[in-house]
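Mind having a look at this structure? Questions to follow.
The values are calculated or read from the model by the stated rules, or taken from the named source; none is laboratory data. What you see is a predicted model, and the numbers here were worked out from it, not measured in a lab. Glycine also receives a Cβ, built like all others from the backbone with ideal geometry; neighbour counts cover every protein chain displayed. Ligands, DNA and RNA are stripped out before the accessible areas are found, and what is left, the full protein with its side chains, is counted by its heavy atoms. Shrake-Rupley method; radii C 1.70, N 1.55, O 1.52, S 1.80 Å.
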Amino acid sequence: MKRLILLATAATAIATGAGAAERTKFEFWYGLTGDLGEVIAKQCQLFNESQDKYEAVCTGQGGYDKAEQNTIAAYRAKQHPTIVQIYDAGTVNFMLSGAIYPANKFAQDHGIDVDWKGYFPGIANYYATSSGDMWSFPYNSSTAVFYWNKDAWSKIGKTEAPKTWAEFGEDLKALKAAGVECGFALDFDTWMNLEQFSAINNIPIASLDNGYGGLGAELVFNKTAFVDHMKDFKAWLDAGYAKIQTSQVGKNLIQSFSDGSCASTTSSIANHGTVKNTQVADLKWDVAALPAIDAAKRTNSIVGGASLWIMEGKSKEEYEAAAAFMKYITAPDTGEKYIAENTGYIPVTTKGFELLKSEGFYNDPKRAGREVAIASLTASEVGPLSRGIRLGNFTSIRSEIRAELEAAFTGQKDVQAALDAAVERGNQILRRYEQTYKGAALP
């Protein structure tokens, strides 16, 4: 009897092992953290539950920067994932890495029916090659918008958000006179302050069409209207119209807006849900497109967020599993809709957007206003200065700019001197990157 029990146990183990072996696993690394990271983990779970042939092993990397760094290190050790979520700033690094399986080729090789022209141009152009080929799959996408307190603006007799920065400056002065202690919460972020401002106003950040023209690009934002824009920010701080709000001083931009202590801020549309979930009970607010220098001449804003890259060097079976996953998360209903419903991110295709509209997504008071981000991304045809930024090691460049903006806003440096220093160090980063890829051409 004991022998029969042992044989039965062994048979069960073999059967279980055989069943588990039929489920092909692949790794997906993502950079989102906190509540957003939980949304990604849940989407992986839903995929795994949707069928019994494949299993996505999804692992958070603790942030976008770490996701990029960890993937590069893992690739060198041949321990890399099949799919990785890389944010906008890492695009050129992965394009030149030689470590990726281009999305358009992967889709063709594995029967994924993708309407590449269906992506919003403001999103597609950031991730496309010079010939328009998509080498990654746009995933969680956003753009920057203006968050404003409607009750605060009613104190100065206005019912609409300012459309130009000059108008906003006058509004801040009036808000202060009306007793509003903090009219504007700002920080040192480059994505909002520099990158979105430059795209919307069609001014360059760097030569060679913001780097799309080649690795020889040089930063030029210390010689554009951005300088005066940052001088305005400093003047608003000095006049008491605005306050620096970062986690280091106790609360960040969204916290200071949602608790009603600051009447406006600029941030990602992805934070729309966070404001709804954390706002004080009586807060009446809305979102609008970022102000422009000249509202009649505004161009499209640029995308933020991340895309999904397929990595080279995996097995046929892993790629088959990854293809099933990509079909699942790029579908308007199981992919785009899920992300939009559970975060503040926007749909990345016109089909996804139309699906949400047809289901009354934007009629829900909790989501009303999110369509502003789509309007901002599609405010004009994408041009050479509004399609994105293609600069090597842009993460490091952003760090240099943030440091100098902090020095300027806190009075340690003159604004012009701070931006000159950021450009000088940023250009040194670009020249080192160019030397690393000497002779290489951007795809």
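More than 20 Å from the chain's Cα centre (by Cα), of a type in the set (S, T, N, Q) and either loosely packed, with under 15 Cβ neighbours inside 10 Å or modelled with pLDDT under 95 (or both) - does that describe any residue in region 130-140?
Yes, that holds for at least one residue.
Can you pull out every residue in region 243-274 that is within 20 Å of SER154 (Cβ to Cβ) and in contact with a strand residue (DSSP E or B) (Cβ under 6 Å, 6 or more places away or on another chain)?
SER256, PHE257, CYS262, ALA263, SER264, THR265
Let me ask another. Just to be sure before I move on: is TYR147 buried (at least 18 other Cβ atoms within 10 Å of the Cβ), among the hydroxyl-bearing types (Ser, Thr, Tyr), assigned to a helix (DSSP H, G or I) and within 20 Å of the chain's Cα centre (by Cα) in the structure I sent?
no
Conditions (1) assigned to a helix (DSSP H, G or I); (2) in contact with an Asp or Glu (Cβ under 8 Å, 6 or more places away or on another chain); (3) open to solvent by 20 Å² or more (accessible area, probe 1.4 Å), marked per residue:
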residue	(1), (2), (3)
SER198	yes, no, no
LYS231	yes, no, yes
LYS234	yes, no, yes
LYS243	no, no, yes
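While we're here: Restricting attention to region 70-86, does a residue exist that is open to solvent by 20 Å² or more (accessible area, probe 1.4 Å) and small (Gly, Ala, Ser)?
Scanning region 70-86 turns up at least one residue that is open to solvent by 20 Å² or more (accessible area, probe 1.4 Å) and small (Gly, Ala, Ser).
Could you check how many residues of region 342-366 are in a helix (DSSP H, G or I) and either basic (Lys, Arg) or exposed (fewer than 15 other Cβ atoms within 10 Å of the Cβ) (or both)?
5
May I pose another question? May I ask you to list the residues in region 260-278 that are touching a Gly at 6+ places or on another chain (Cβ under 8 Å) and not in a strand (DSSP E or B)?
Residues satisfying the conditions are CYS262, ALA263, ILE269, ALA270, ASN271, HIS272, GLY273, THR274.
Would it be correct to say that ARG367 is basic (Lys, Arg), farther than 21 Å from VAL275 by Cα and in contact (Cβ under 8 Å) with a residue 12 or more places away in the chain?
No, not satisfied.
Here are the criteria: (1) on the phi > 0 side of the Ramachandran plot; (2) surrounded by 19 or more Cβ atoms within 10 Å (Cβ to Cβ); (3) among the charged types (D, E, K, R). Tell me which single one ASP171 does not satisfy.
With respect to (1) on the phi > 0 side of the Ramachandran plot; (2) surrounded by 19 or more Cβ atoms within 10 Å (Cβ to Cβ); (3) among the charged types (D, E, K, R), ASP171 is out only on (1).
Being outside any loop (DSSP other than H, G, I, E, B) and open to solvent by less than 30 Å² (accessible area, probe 1.4 Å), is that true of even one residue in region 293-303?
No.
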